[in-house]
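**Q** Handing you a structure now.
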Amino acid sequence: MKKLTSSMIAMLAKQLPIQATTSKGGIPDIGPKRSLRKYDESTLIYNENTCGQTLQNIIDGSKIAVAIINRERLDGYRFVGSPEIFCEGEPYMDALEFAKKKGIAPPKFAILIHLENIYSLSSGNTAGKEL
């Protein structure tokens with residue numbers, strides 16, 4: 001498992017993450033995940049509220065990729081991992097607490113993303129390289 005660095009965590013806290021999954025038929029789905037954040041040193045979490053195509057793709061076995069970019073610094077990261085769905089237990093309680101703190105609707109699910117690969121999205125010779 002890959003581990004998040006302090007710069008990755010700081011960027012996740014300030015920039016809007018964009019996630020991508022694919023359907024069983026290989027059709028890509030992409031969209032913002034405003035609640036996406038660090039769960040632990042090798043796992044991300046987000047609150048699932050819409051229960052749309054992304055959730056269906058996860059149920060159907062899709063991996064998930066998340067891009068986070070700081071446009072001004074020409075820096076960023078792509079995280080790739082396996083998602084896991086929770087409607088109870090500690091991950092779900094974390095999602096409920098996050099929603100309460102942010103004043104948003106309680107989540108239907110908490111989604112953990114177990115990190116398998118992390119890539120640089122910075123400009124220059126490290127662009128696209130696995131970290």
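The values are calculated or read from the model by the stated rules, or taken from the named source; none is laboratory data. All values derive from a computational prediction rather than experimental measurement. When we count neighbours, we look across all protein chains shown, and the Cβ atoms used for this are built from the backbone with ideal geometry, even at glycine. Note: accessible area is taken over every heavy atom of the protein model, side chains too, but ligands, DNA and RNA are not part of it. Shrake-Rupley method; radii C 1.70, N 1.55, O 1.52, S 1.80 Å.
**Q** Given the Cα atoms of the stretch 1-70, and with Rh set as the inverse mean 1/r over their pairs in the Kirkwood sense, what is Rg to Rh to two decimals?
**A** Values: Rg = 12.5 Å, Rh = 12.8 Å.
In the stretch 1-70, Rg relative to Rh is 0.98.
**Q** Can you give the calculated 222 nm mean residue ellipticity of the chain, where each DSSP H run of n ≥ 4 adds -39,500 (n - 2.57) and the sum is split over every residue, rounded to the nearest 500 deg cm²/dmol?
**A** Details: 3 runs with 30 residues, N = 131.
Mean residue ellipticity, 222 nm, calculated: -6500 deg cm²/dmol.
**Q** Continuing with the same structure: Connecting C-alpha atoms closer than 10 Å in a GNM of the chain, tell me which of K63, K100, K108 has the biggest fluctuation.
**A** K100
**Q** Separate question: From the P(r) of the chain, can you give the percent of Cα pairs sitting at distances over 22 Å? Can you show the working numbers first?
**A** Working: 2875 of 8515 pairs.
Result: 34 percent of Cα pairs exceed 22 Å.
**Q** So how much slack lies between N125 and I9, counting 0.36 nm per residue of separation and subtracting their Cα-Cα distance, in nm? Walk me through the numbers on the way to the answer.
**A** Details: separation 116, 0.36 × 116 = 41.76 nm, distance 2.25 nm.
Stretched out fully, the N125 to I9 stretch lengthens by 39.5 nm.
**Q** Considering only protein heavy atoms, what is the solvent-accessible area of Y39 at a probe of 1.4 Å, reported in Å² to the nearest 10?
**A** For Y39, the solvent-accessible surface is approximately 60 Å².
**Q** Related question: Quantify, in whole percent, the carbon and sulfur part of the accessible surface of the chain (1.4 Å probe; protein heavy atoms only). Intermediate results must be reported in sequence, preceding the final value.
**A** Working: 3980 of 7370 Å².
Percent of accessible area from carbon and sulfur atoms in the chain: 54.
**Q** Express in whole angstrom the spacing between the alpha-carbon centres of the stretch 1-35 and the stretch 63-83.
**A** 5 Å
**Q** With charges only on Cβ, +1 for K and R and -1 for D and E, what is the dipole size of the chain about its Cα centre, in debye, rounded to 20? Provide the component values of the computation, followed by the final result.
**A** Working: 17 positive and 14 negative charges, 94 e Å.
Dipole about the Cα centre, nearest 20: 460 debye.
**Q** Using a 1.4 Å probe on the protein heavy atoms only, what accessible surface does T5 show? Give it in Å² to the nearest 10.
**A** 60 Å²
**Q** Hey, rough spin-label estimate for I27 and T50, points 7 angstrom out along Cα→Cβ, what's it come to in nanometres?
**A** 1.5 nm
**Q** Over the chain, with a Gaussian network built from C-alpha contacts below 10 Å, which listed residue (K38, K14, K101) shows the highest mean-square fluctuation?
**A** K101
**Q** Roughly what angle does helix 89-102 make with the longest principal axis of the chain, taking Cα atoms, 0 to 90 degrees, to the nearest 10?
**A** Roughly 80 degrees, rounded to the nearest 10.
**Q** Can you tell me the dipole magnitude for the stretch 58-122 around its Cα centre, using point charges on the Cβ only (Lys, Arg +1; Asp, Glu -1), in Debye to the nearest 20? Each step should come with its number before you reach the end.
**A** Values: 8 positive and 9 negative charges, 67 e Å.
Dipole size: approximately 320 debye.
**Q** Enter the accessible area per residue of the chain (Å², integer; probe 1.4 Å; all protein chains in place). Working shown, then result.
**A** Details: 7370 Å² over 131 residues.
So the chain comes to 56 Å² accessible per residue, rounded to a whole number.
**Q** Right, here's the next one. Which of N49, P91, F109 sits farthest toward the positive end of the charge dipole of the chain, with +1 on the Cβ of Lys and Arg and -1 on the Cβ of Asp and Glu?
**A** Of N49, P91, F109, it is N49.
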